[in-house]
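The values are calculated or read from the model by the stated rules, or taken from the named source; none is laboratory data. Predicted, not measured: the structure shown is a model, and the values here were computed from it. Here the Cβ is made from the backbone with ideal geometry for all residues, glycine too, and neighbour counts use every protein chain on show. Please note that ligands, DNA and RNA were not included when accessible areas were found on the heavy atoms of the full protein model with its side chains. Shrake-Rupley method; radii C 1.70, N 1.55, O 1.52, S 1.80 Å.
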Amino acid sequence: MAAKDIFHDAVRRALEKDGWLITDDPLFLRFGGLEMYIDLGAERLLAAERNGEKIAVEIKSFISPSATSEFSTALGQFLKYQLALEEVQPDRLLYLAIPADAYRDFFTLELPRLLVQRYQVRLIVYDPEEEVIIRWRT
């Protein structure tokens with residue numbers, strides 16, 4: 001199992017503040033002969049509909065010197081986890097959690113923006129200091 005991201009606990013607390021129940025930390029998947037660990041699994045009960053909304057969250061800090069390299073790794077993980085979830089937990093949506101400064105400084109650039117759009121990467125933009133979710137981008 002991989003080490004937790006530096007902002008793992010901040011994102012977990014932000015999700016909890018936003019009304020999510022953390023069900024898995026990490027979320028374990030077995031698919032295609034591989035074992036995978038997505039950072040968090042969470043669920044929100046919707047009382048009006050009486051069914052739960054389920055998500056999986058892969059957390060990235062984007063603190064390395066190369067945002068491009070970190071983005072390449074994150075996109076590869078997202079695509080791998082997305083395929084596995086579609087097969088074994090199709091009721092769960094995958095999100096990539098990124099800090100607000102990475103969203104502002106990198107994800108608004110043309111190439112990352114187009115890749116996120118093409119591969120339908122759902123984003124959670126968080127503030128690691130305030131431990132809050134700033135934006136959900138689907």
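A few remarks follow.
- Axial C-alpha extent at least 18 Å, average Kyte-Doolittle at least -0.5 - helices from the chain (DSSP): 67-88
- 9 Å beta-carbon shell around L27, net charge (K/R +1, D/E -1): -2
- Stretchable slack from I6 to T108, in nm (0.36 nm times residue separation minus alpha-carbon distance): 34.4 nm
- Computed about the Cα centre, the dipole magnitude for the range 1-130 is approximately 280 debye when only Lys and Arg (+1) and Asp and Glu (-1) carry charge, each at its Cβ.
- 1.4 Å probe accessible area per residue over the chain, in Å²: 57
- Computed over the chain with a Gaussian network model linking Cα atoms closer than 10 Å, the most mobile of A97, A56, A67 is A67.
- Each of Y103, W20, L85 was scored by the projection of its Cα onto the charge dipole of the chain, and the greatest displacement toward the positive side belongs to L85; charges sit on the C-beta of Lys, Arg, Asp and Glu.
- Between the amide H of L93 and those of K54, I55, A56, distances stay under 5 Å, these residues lying 5 or more places away or on another chain, with hydrogens modeled in the peptide plane.
- In the chain, the portion of solvent-accessible area held by carbon and sulfur atoms comes to 49 percent [1.4 Å probe, whole percent, DNA, RNA and ligands not counted].
- Taking only Cα atoms of the range 30-112, radius of gyration then Dmax in Å: 14.8, 46
- In this structure the amide hydrogen of I134, modeled in the peptide plane, comes within under 5 Å of the amide hydrogens of V125, Y126, D127, none closer than 5 places in sequence on its chain.
- Selected from D18, D101, D127 as most flexible by GNM, with the chain as the system and alpha-carbon contacts under 10 Å: D18
- Packing-based ranking of 75-85, 107-117 yields 75-85, 107-117, ordered from highest to lowest mean Cβ neighbour count within 10 Å.
- Within the range 1-115, DSSP assigns beta bridges of which about 70% are antiparallel (rounded to the nearest 5).
- Heavy-atom accessible area ranking, 1.4 Å probe, most first, across F28, F62: F28, F62
- Length added when fully stretched, F28-E87, from 0.36 nm per residue minus Cα-Cα: 19.9 nm
- Summed over qualifying helices (DSSP H, 4 residues or more, each -39500 (n - 2.57)) and divided by its residue number, the chain shows a 222 nm mean residue ellipticity of -9500 deg cm²/dmol.
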